[in-house]
Amino acid sequence: MRAVQAQRFGGPEVLEAVEVPDPEPGPGQALVRVEAVDVLFVETQIRSGWGREFWKVEPPWTPGDGVAGRVSAVGPGVDGDWVGTSVVGATGSADAYAELALVDAERLTPVPDGLSAREAVSFVHDGRTARLLLDAIGTKEGERVLVTAAAGGLGLVLVQKARAAGATVVGAARGEAKLDLVRDMGADAVVDYSEADWAERVREAFGGNGPDVVFDGAGGRIGAQAFAITASNGRFSAHGAPSGGFAEVDPAEAESRGITLRGIAQAQPGAAESSRLIGEVLGEAAAGRLRTVIGAVYPLERAADAHAALESRVVLGKVLLAP
């Protein structure tokens with residue numbers, strides 16, 4: 001089969017399509033013929049060599065985690081009824097950029113009628129993570145919610161879910177096209193954080209108040225500025241690091257202001273919980289209550305272009321591979 005490997009750490013050009021042996025499902029595993037792969041920004045960071053203290057990856061490495069396709073075979077101990085089923089699943093942070101992928105059966109989630117494989121895989125990470133962050137932080141009717149990196153896959157789900165909960169939502173992103181998308185997804189107001197006074201404009205959008213809840217998917221300086229305007233006794237989720245690092249927040253200051261801090265560690269579910277949450281999110285999408293935006297789809301051989309597109313920040317919504 002064809003797969004994509006990073007032979008070394010570096011730029012997108014280190015990703016190469018290669019021929020490798022077809023995998024065989026072992027006990028508790030299913031073999032999925034892949035139709036779509038979710039491409040995440042964090043995978044571009046890992047490929048570059050960033051965050052090696054968090055991700056124990058050594059080349060040659062086949063990136064990827066979220067896949068959608070049909071089960072073509074199962075290993076010992078797996079119900080044979082899975083064969084032929086359209087599913088999404090997680091491979092375990094590797095080996096998804098391929099024509100065939102092994103997924104633990106407990107991580108399989110059927111794709112409901114009415115959703116394509118591409119639509120379904122768009123929610124494997126972002127839908128599940130949004131649910132976990134919302135459960136950890138909580139949003140209530142009438143609260144003021146700020147979402148940074150709001151035009152990314154996770155940000156768009158958070159905007160929709162917070163708005164559906166009755167919150168007033170401000171989405172922060174970069175550039176008019178992204179702001180238009182966030183507005184179209186239901187944000188009450190949008191702010192361009194490439195502008196120096198963006199944080200003050202967030203406060204203006206909230207009637208002079210700081211946000212009660214911040215979902216920070218940007219990290220770095222932007223995340224720090226978002227924390228600075230968070231209302232006393234508010235909640236702050238630091239889960240994104242596309243700027244090169246998570247928002248640096250002083251726990252002592254957070255405690256003095258009564259701000260509850262949460263991070264990506266609160267969004268790491270077990271296999272059973274992950275499958276349940278993904279199933280619920282896919283059900284919402286199939287019912288039309290949750291939308292995704294697929295900005296670009298690349299063939300497997302152009303995985304390097306997919307990474308370059310993500311790093312350039314020019315794509316609106318999700319970037320996928322289609323083996």
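Here are the numbers for this structure:
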{"read-out": "Count - residues of segment 140-164 that are in contact with a strand residue (DSSP E or B) (Cβ under 6 Å, 6 or more places away or on another chain) and either without any contact (Cβ under 8 Å) to a residue 60 or more places away in the chain or not assigned by TED's automatic domain parsing to the domain that holds Glu176 (or both)", "value": "4"}
{"read-out": "So Gly114, is it surrounded by fewer than 19 Cβ atoms within 10 Å (Cβ to Cβ), under 25 Å from Val87 (Cβ atoms) and either not β-branched (Val, Ile, Thr) or not assigned by TED's automatic domain parsing to the domain that holds Val37 (or both)", "value": "yes"}
{"read-out": "Considering residues of segment 48-64 that are at pLDDT 95 or above and at negative phi only, the residue farthest from the chain's Cα centre (by Cα)", "value": "Thr62"}
{"read-out": "Condition met for Arg313 (exposed (fewer than 15 other Cβ atoms within 10 Å of the Cβ), out of contact with any Pro (no Cβ under 7 Å at 6 or more places or on another chain), among the basic types (Lys, Arg) and under 21 Å from Gly171 (Cα atoms))", "value": "no"}
{"read-out": "Filter result for the condition that a residue is under 17 Å from Arg131 (Cβ atoms) and small (Gly, Ala, Ser), over Ala199, Ala162, Ala226", "value": "Ala162"}
{"read-out": "Which listed residue, of Val67, Val32, is in contact with a strand residue (DSSP E or B) (Cβ under 7 Å, 6 or more places away or on another chain), free of Cβ contacts under 8 Å to residues at least 60 places away in the same chain, buried (at least 18 other Cβ atoms within 10 Å of the Cβ) and β-branched (Val, Ile, Thr)", "value": "Val67"}
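The values are calculated or read from the model by the stated rules, or taken from the named source; none is laboratory data. All values derive from a computational prediction rather than experimental measurement. Every residue, glycine as well, gets a Cβ built from its backbone with ideal geometry; the counts of neighbours run over all protein chains shown.
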